[in-house]
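Below: one structure, written as structure tokens.
Every number in this text was worked out from the coordinates using simple rules, so none of it is lab data. Model, not experiment: these values are computed from the prediction. Using ideal geometry, Cβ is built from the backbone for each residue, glycine included, and neighbour counts are taken over all protein chains shown.
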Amino acid sequence: MISFDENKKILKLDTKNSSYVIGIYDENYILNLYYGAYLPDCNLWGNIKRHKNASFSPANPHIPHEEFSSDVEPMEYSCNGSGDFRISALAIKNADGNSVTDIRYVSHKIYKGKPDLSPLPHVYLNNDAEADTLEILAEDKVTGALVTLYYTAFNDLDVITRSVKVTNGGGNALDIERVFSMCLDLPDMDYDLITLYGRHAKERSREQRPLAHGIQGIASKRGSSSHTQNPFAALLRHGADENQGDAYGFNLVYSGNFEFSAECDFSATTRVIMGINPTDFSWHLEAGESFQSPEAVMVYTNEGLGEMSRIFHRLYINNLVRGKYKYEKRPLLINSWEAAYFDFDTDKLVEFASHAKEFGIDMLVMDDGWFGKRNDDTNSLGDWFVNEEKLEGGLGVLIDRVNALGMKFGIWYEPEMISPDSELFRAHPDWYIHVPNRESSIGRNQYVIDMSREDVRDNIWNQMYSVLSKNKVDYLKWDFNRNISEAGSALLPPERSKEFFHRFVLGTYDLMDRLTKAFPDMLIENCSGGGGRFDAGMLYYSPQIWTSDNTDPIERLSIQFGTSLCYPASTMGAHVSASSRTGYETKGNVALWGTFGYELDPTKLCESDRETVKQQVKDYHKYYDLIHYGDLYRLVDPYFDPYKAVWSFVAPDKSEALVTYVIMREKFCDIQFIRLRGLDKNKFYRNEETGEVYSGALLMNAGINITGKIWRDGESLMLHFTEVKND
Ligand code: GLA
């Protein structure tokens with residue numbers, strides 16, 4: 001619900017439990033008056049007037065000097081060079097060459113529904129009643145830049161999405177140097193900043209630090225959202241925790257270079273900005289041209305970090321992921337990578353499939369190594385035709401044999417890459433990303449191909465289409481195995497060369513869009529050397545993303561706990577592999593917190609492990625809805641506890657809960673308790689294993705004692721509670 005108080009000049013955006021308030025001040029400055037728990041009123045003008053706290057701050061000569069300076073007031077969308085010295089959301093270089101920018105309110109409109117940001121991925125509505133949108137039109141009078149600030153407030157979910165469009169409404173060309181998707185000024189700095197750092201095989205580990213004066217934040221300039229930092233950040237008020245208190249979450253629906261910064265200034269206020277990384281970015285606008293920023297998602301709750309995560313999860317399950325597998329059960333897959341790497345042929349794959357079929361697995365995925373002459377990672381990326389030496393008689397023969405077993409078939413691609421040793425490279429040596437006169441770095445023996453070029457995309461698309469349209473492919477794993485360096489496109493003129501990174505991302509989105517439109521029933525799983533591009537932009541095209549190449553269940557815990565801060569279980573690719581740190585039971589229990597699947601040679605399993613796998617397949621089906629659509633409660637986070645990890649999924653109607661408890665490191669003496677969360681305290685639940693019945697209140701307050709049931713490193717258990725109904 002969004003309202004405008006004409007007298008107070010206040011715009012108020014309300015979700016169920018949060019309010020966001022914007023004021024239009026003298027001289028049409030747009031100020032950010034409040035973001036936090038729901039307010040029934042908006043008498044907030046007294047909360048600005050901070051000028052007496054200014055420090056050498058210049059001010060608008062038309063407003064009494066003691067009253068206002070953009071350097072200290074909470075600016076709705078901060079501009080560079082006009083008296084606000086904190087981090088800027090917007091900087092536009094005008095025809096004179098300076099980057100002074102100053103936008104003021106012109107008008108606004110409020111309407112039901114949400115604008116379509118295509119071709120950018122975005123949160124969408126299932127019907128217009130879900131949310132209302134505010135568009136504020138602002139103008140920089142000197143340059144004629146028209147800036148539209150978009151806000152969509154969800155009615156039943158405490159979510160506000162934001163983006164920004166800049167249109168050159170003047171007569172001269174402009175260059176956008178910075179255009180962040182959101183800016184937020186909070187009146188204090190009593191928060192911890194939580195971010196997700198990592199590397200290959202150790203993605204999205206939680207990191208938490210108190211905000212300090214100055215600028216702090218995270219960024220990627222790797223060409224993708226990256227393993228190193230995820231485009232997610234949260235602010236957690238001091239004293240708040242997993243279960244209570246103020247938590248703000250920020251996530252960018254974007255897969256390229258990004259920046260999140262928080263600046264605490266001399267007055268101990270906090271400004272947050274999130275958007276495209278301005279390093280190596282600028283965008284040239286001729287008169288009349290526009291630039292649309294990616295979308296940022298903001299979540300606020302006063303019920304702690306856990307509820308913040310659940311809000312993101314609900315939003316992404318219902319309003320981001322698309323296609324057939326949004327709600328339909330996904331096939332349980334076995335992937336050939338860790339089982340065979342590049343060393344396979346048709347018979348070997350069919351043997352995998354026939355063993356997997358016995359366990360009840362639904363789909364065989366043939367990973368890297370089926371195309372060109374690829375037998376290792378030194379060649380053939382870009383040659384997307386079948387290697388018939390490996391797959392005799394072609395792909396159709398293999399798929400027919402797999403299908404004849406009653407199994408579906410999936411395939412691997414890395415469409416944005418080119419090997420120097422490939423037919424494609426020899427035919428088009430200028431298609432890889434490079435800059436003139438400079439040697440290009442190589443990564444995993446490959447270059448990145450110039451996705452900003454339509455001719456390149458057409459070529460890759462035609463190759464993909466030719467394989468996918470002639471063969472019955474049910475699943476596609478889309479990989480991306482290096483970062484982008486020496487970035488440039490042969491087709492971009494110098495004044496547009498810094499558009500490259502964003503154009504690359506748009507090109508990738510275009511190719512993914514073609515794929516989802518041409519093959520709407522195909523399940524797409526994104527991947528980037530594990531989880532190097534695990535972001536909301538990718539989730540718009542693929543409902544699941546491979547979380548990490550690290551399939552060790554103990555290592556996976558911090559990865560999955562971290563990833564879950566923003567992304568739901570249904571999006572987290574998780575497989576049982578042959579990695580040996582724990583037994584198969586724990587491998588399965590950990591992988592169940594995700595899309596679930598296998599990544600091992602099924603012919604090598606011993607008899608007892610085969611039985612465990614069969615049981616896991618049953619569990620996959622039994623708990624599918626609970627895990628994919630239930631509410632996650634992180635009960636003991638390995639970020640705080642080096643010994644154990646405990647989490648649970650609770651059905652939205654609170655009729656059922658599944659708890660998983662993993663011992664990471666043995667600790668003698670302690671009594672082991674599980675205290676559940678999220679149940680109905682007045683309902684009664686049966687422990688399906690023991691038959692004992694407990695009230696929700698007992699399970700959440702007293703908890704249940706599991707001492708002695710498991711105690712060794714790597715052991716785990718699952719407990720299933722179902723509601724006892726009084727008929
Ligand atoms: C990446 C992926 C793996 C596998 C290999 C194939 O590293 O993360 O799962 O697909 O590429 O080369």
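Observations on the structure shown:
- As an equivalent ellipsoid, region 399-438 spans semi-axes of 37, 10, 6 angstrom, where each value is the square root of five times an eigenvalue of the C-alpha gyration tensor, largest first.
- Debye intensity ratio in log₁₀ form over the Cα atoms of region 25-175, taken at each q of 0.14 Å⁻¹: -0.81
- Cα lying deepest toward the dipole's positive end in region 390-539, options ASN437, ASN483, SER528, charges on Cβ: SER528
- Residue by residue, region 648-657 carries 3J(HN,Hα) couplings of 8, 10, 10, 4, x, 8, 6, 8, 7, 8 Hz when phi is fed to the Karplus relation 6.51 cos²θ - 1.76 cosθ + 1.60 (θ = phi - 60°); x denotes Gly or Pro.
- The alpha-carbon of LYS93 sits under 16 angstrom from the alpha-carbons of these aspartates and glutamates, leaving out residues fewer than 8 places away in its chain: ASP102, GLU139, ASP140, ASP175, GLU177, ASP280, GLU286, GLU289, GLU495, GLU499.
- Region 281-411 has equivalent-ellipsoid semi-axes of 39, 25, 14 Å, by the square roots of 5 times the alpha carbon gyration tensor eigenvalues, sorted largest first.
- Pairs of lysine residues in region 635-723 - Cα separation under 15 Å, sequence separation of 8 or more or cross-chain: 5
- Alpha carbon convex hull of region 242-290, projected area averaged over orientations, nm²: 6.5 nm²
- Kirkwood-Stokes translational diffusion coefficient of region 435-561, alpha-carbon pairs, 4 °C, 1.567 mPa s, µm²/s: 79 µm²/s
- The residues HIS200, HIS213, HIS108, when put in order of fewest to most other Cβ atoms within 10 Å, stand as HIS213, HIS200, HIS108.
- Over the chain, volume per residue of the alpha carbon convex hull, in Å³: 166 Å³
- Based on DSSP H segments of at least four residues, each scored -39500 (n - 2.57), the chain has a per-residue ellipticity at 222 nm of -6000 deg cm²/dmol.
- Among the GluC sites (Glu not before Pro) found in region 221-315, those both in a DSSP coil and sparsely packed, with 14 or fewer other Cβ atoms within 10 Å of their Cβ, are GLU286, GLU289.
- Convex hull volume of region 303-377 per residue (C-alpha atoms, cubic angstrom): 166 Å³
- Region 308-331 and region 637-691: distance between their alpha carbon centers, rounded to Å: 24 Å
- Here region 159-243 was treated as a single set of alpha-carbon atoms; its pair distances binned every 5 Å from 0 give 3, 10, 16, 18, 19, 14, 9, 5, 3, 2, 0 percent.
- Converting phi to 3J(HN,Hα) with the Karplus coefficients 6.51, -1.76 and 1.60 and the offset θ = phi - 60°, region 128-137 yields 5, 6, 5, 7, 10, 10, 10, 10, 9, 9 Hz in sequence order, with x at every glycine or proline.
- Relative exposure of LEU719, LEU398, judged by other C-beta atoms within 10 Å (fewest first): LEU719, LEU398
- Theoretical FRET efficiency, 1/(1+(r/R0)^6), r = Cβ-Cβ of GLU289 and LYS9, R0 30 Å, to 0.05: 0.45
- Hydrodynamic radius by Kirkwood, which averages 1/r over all alpha carbon pairs of region 635-723, in angstrom: 13.3 Å
- Measuring between their Cα centroids, region 338-373 and region 162-187 lie 49 Å from each other.
- Region 347-398 - convex hull of alpha carbons, volume per residue in Å³: 84 Å³
- Note on region 426-475: the alpha carbon radius of gyration divided by the globular reference 2.2 N^0.38 Å gives 1.45.
- This model, with +1 at the C-beta of Lys and Arg and -1 at the C-beta of Asp and Glu, gives region 467-510 a dipole about its Cα centre of some 160 debye.
- For the chain, size of Cβ-based charge dipole, Lys and Arg +1, Asp and Glu -1, in debye: 820 debye
- Comparing LEU592, VAL297, LEU719 along the charge dipole axis of the chain, the residue lying farthest to the positive side is LEU719, per the Cβ-charge model.
- Values of log10 I(q)/I(0), in the order q = 0.21, 0.26 Å⁻¹, for region 1-89 under a Debye, Cα-only, solvent-free model: -1.01, -1.31
- Positive-end extreme of charge dipole, region 298-342 - chosen from MET308, TYR325, TRP337 (charges on Cβ): TYR325
- For region 635-723, the dipole from Cβ point charges (+1 on Lys and Arg, -1 on Asp and Glu) about the Cα centre works out to 200 debye, to the nearest 20.
- Amide H within-cut-off set for MET75, under 5 Å, with H built and near neighbours excluded: ASN32
- Histogrammed with a bin width of 10 Å, the alpha carbon distances of region 195-324 distribute as 11, 36, 37, 13, 3, 0 percent, first bin at zero.
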